[in-house]
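Worksheet: the structure to be examined is printed underneath.
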Amino acid sequence: MNLLLNYTTVTANIAGDLLEPAWIRDSLRKLKFGGGKFMVWGYIQYGGVREICRVESNINSPKYQEILATSYIPNHKRGQILQQDGAPSHTSISTSKFLKVKKIKMLQDWPAQSPDMNIIEHMWGRMKEEAWKTKPKNIDEFWEACKTAFFAIPDDFFNKLYESLPNRMDAVLQAHGSHTRYYIWISQH
């Protein structure tokens, strides 16, 4: 059983984040609480198992290892494979040693900056979209809305994402590594 892992930065500032869909940028401009930002780290697993946590600082190697130790490793089951992107905190020597000591099997050679292949990107998009619908009045309300939205996503949604992986791989190969329709969906949501 594969396990996917990633994190996202959730931004709630007046200027908005250019990577967000226009309707979210417009919502950000209307917020009265002046904004702020936090990072959300999380993982998903076929069958709906998931976890997220709020991170107030940048994720360096020691912070990442702390997150893994508290949020991931207690739920890790033998035989699972951890997929993560190429962020420096994920690929550092100290994190590699940490994962080896903890006997965490890793998916090797994951392509850098490959949102077409990374199904958790769809989760982040859906979580943010649903969280903004609650019209949070401050950064803490926004975090609570993100948590609620993340855990409310139906397990069937996860399973369909996992089941789409062979088609995604095929699409990336056919596009010679260029963007696919999966990337377009992510960028619009």
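We did not get these values from a lab; they are worked out from the coordinates using the rules stated. Just so you know, these numbers come straight off a predicted model, no measurement behind them. When we count neighbours, we look across all protein chains shown, and the Cβ atoms used for this are built from the backbone with ideal geometry, even at glycine.
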Let's test the formula: R0 of 30 Å, r as the Cβ-Cβ distance of ASP155 and ARG181. What FRET efficiency results, to the nearest 0.05? 0.80
Going by a ≥ b ≥ c, the root eigenvalues of the Cα gyration tensor, does the range 57-152 fall in the rounded group (a/c under 1.5), the prolate group (a/b larger than b/c) or the oblate group? prolate
List the residues, sorted by chain then number, that are 5 or more residues from LYS102 or on another chain and whose placed amide H is less than 5 Å from its amide H. none
For PHE150, net neighbour charge (Lys/Arg +1, Asp/Glu -1) across residues whose Cβ lies under 14 Å away: 0
In this structure, the FRET efficiency calculated for SER71 and LYS137 from their beta-carbon separation, with R0 = 25 Å, to the nearest 0.05, is 0.35
